[in-house]
Amino acid sequence: MRRRNGPVIGGVMAICLLTGCSGLPGLDRPARPEAKPSTPSATPTPASPVSTQEATAVLDDYIKRNNAANKARSTELLAGYEAGSSFVIDQAAYNSSRILHKKTEYVPFGYAEPAFHAPAPTWFLATALWKGRTETAKTPTYLLFTKEADGWRQVYAPDVFTGVGAAPEIATPVTEVKQADATGLLMSPADFAKGYAAHLGGKSSTRFAADRLTTSAASNRSKMDPYAKLTEAVRPASRYPSYALRTADGGALVFTTFQRARRYDVRQGPQRNYVFQKNNGLIRGKFYTFLKVTDLVQVAAHIPPKTAEPAQVKVIGSYSGIISGSGS
């Protein structure tokens with residue numbers, strides 16, 4: 001399932017807390033016989049990265065399967081072309097949609113101007129513009145596919161934020177950056193995941209540029225504080241593999257998933273406050289005591305090259321969704 005700039009199928013979480021409102025991853029070993037000289041074996045030829053032709057076919061098949069699954073709101077069909085955090089996020093969205101909306105208008109979509117970046121035979125990245133019935137996105141979506149035993153699966157699908165400028169150019173030849181590799185980088189992809197988890201959870205750091213996710217999270221904490229105590233925990237969701245590619249400037253484009261758990265305990269007082277959940281079938285209604293929600297957040301981030309000049313890591317896109325919740 002793919003949604004762009006708001007809900008298409010399923011709900012988008014909107015947490016609000018209102019005051020008095022009515023709605024709502026051997027040396028001593030025996031000598032051996034002298035071995036006969038062996039003929040050196042040929043060095044195995046490394047497998048070639050995914051071709052543009054194959055990547056195009058994978059993307060076309062993904063669009064076809066995605067639209068069929070969206071129309072039926074079928075998690076069985078969804079499992080045929082998605083995996084990892086993408087599958088978990090979209091499975092929850094389907095479940096939510098079925099609860100909230102018995103009937104929905106099916107709106108097919110596709111992608112325009114695709115470009116492919118393949119560092120290996122087992123995974124590749126596509127960048128493309130989401131295309132709906134009457135509009136085409138101005139900023140690209142990153143679609144990362146991995147090759148499983150029974151076929152290709154889409155595992156990352158963050159949309160690039162508007163207003164972040166041009167997306168970083170992928171280096172040629174396309175080269176994978178390992179998670180612990182900090183060669184020429186301000187930090188390794190693994191260090192980014194650890195540091196940004198703390199940053200997203202409220203521990204400010206000058207190593208990261210301001211972005212839409214952290215700005216929104218900070219605003220939510222401020223607005224909610226008079227009414228509820230927020231306990232928040234963010235960590236890298238290591239059960240979902242992360243990926244990175246070298247960029248043309250010597251930096252890296254990183255894809256990783258975070259798990260964020262939030263609990264809102266209502267501040268009791270003379271006015272009856274409550275937290276409510278809007279447009280999400282996983283957890284609906286009024287919560288006068290507490291509300292707990294867990295979501296997965298996919299991010300795309302640019303780690304700049306390590307130079308003498310000051311620089312910051314910048315999160316440039318995301319895709320997220322609630323996967324569980326409870327309250328009373």
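Read-outs throughout are calculated quantities, based only on the coordinates presented, and are distinct from any laboratory measurement. Just so it is clear, the structure is predicted and the values come from calculations on it, not from any experiment. Neighbour counts are summed over all protein chains in view; Cβ atoms, including those assigned to glycine, are modelled from backbone coordinates with ideal geometry.
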Item checked: Check: the range 115-174 dipole with +1 on Lys, Arg Cβ and -1 on Asp, Glu Cβ, in debye -> 140 debye
Next item on the list: Could you pull out every one of the lysines with an alpha carbon less than 24 Å from that of Lys223, ignoring same-chain neighbours closer than 8 positions?
Entry: Lys203, Lys278, Lys286, Lys292
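Around Thr75, what is the net charge, scoring Lys/Arg as +1 and Asp/Glu as -1 over all other residues with Cβ under 12 Å from its Cβ? Please list the in-between numbers first.
Numbers: positive: Arg73, Arg98; negative: Glu76, Glu82, Asp90.
Local net charge: -1.
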Next item on the list: For every other residue with a beta carbon closer than 13 angstrom to the beta carbon of Val297, add +1 if it is Lys or Arg and -1 if Asp or Glu, then tell me the sum.
Entry: 0
Notebook entry, point to check: Summing +1 for each Lys or Arg and -1 for each Asp or Glu, what net charge is found among the other residues whose Cβ lies under 11 Å from the Cβ of Asn273?
Noted result: +2
Item checked: Extreme residue, positive dipole direction of the range 102-222, given options Pro121, Val160, His199 (C-beta unit charges) -> His199
Next item on the list: Would you please classify the overall shape of the chain from the alpha carbon gyration tensor, given that a ≥ b ≥ c denote the square roots of the eigenvalues, rounded means a/c under 1.5, and beyond that prolate means a/b larger than b/c while oblate covers the rest?
Entry: prolate
Next item on the list: Pull out a ≥ b ≥ c, the square roots of the eigenvalues of the alpha-carbon gyration tensor of the range 128-216, then state rounded if a/c is under 1.5, prolate if not and a/b is larger than b/c, and oblate in the remaining case.
Entry: oblate
Next item on the list: Would you kindly state how much longer the chain becomes between Thr122 and Asp60 on full extension, computed as 0.36 nm times their sequence separation minus their alpha carbon distance, in nm to one decimal?
Entry: 20.5 nm
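Pull out the extension gain between Ser205 and Lys286, defined as 0.36 nm times the separation in residues minus the alpha carbon to alpha carbon distance; nm, one decimal. Intermediate values should be presented prior to the final figure.
Working: separation 81, 0.36 × 81 = 29.16 nm, distance 3.52 nm.
Value of the extension gain: 25.6 nm.
At R0 = 45 Å, how high is the FRET efficiency between Val107 and Ser238 if r is their beta carbon distance? Nearest 0.05 is fine. Before the final figure, lay out each step's value.
On the way: r = 35 Å, r/R0 = 0.78.
E(calc), rounded to 0.05, equals 0.80.
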Notebook entry, point to check: Cα gyration tensor of the range 227-328, axes a ≥ b ≥ c as square roots of the eigenvalues: rounded (a/c below 1.5), prolate (a/b > b/c) or oblate?
Noted result: prolate
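Could you work out how much longer the chain between Ala218 and Ala72 gets when fully extended? Use 0.36 nm per residue separation minus the Cα distance between them, nm to one decimal. If you can, show how the numbers build up before the last one.
Working: separation 146, 0.36 × 146 = 52.56 nm, distance 3.72 nm.
Roughly 48.8 nm would be gained on extension.
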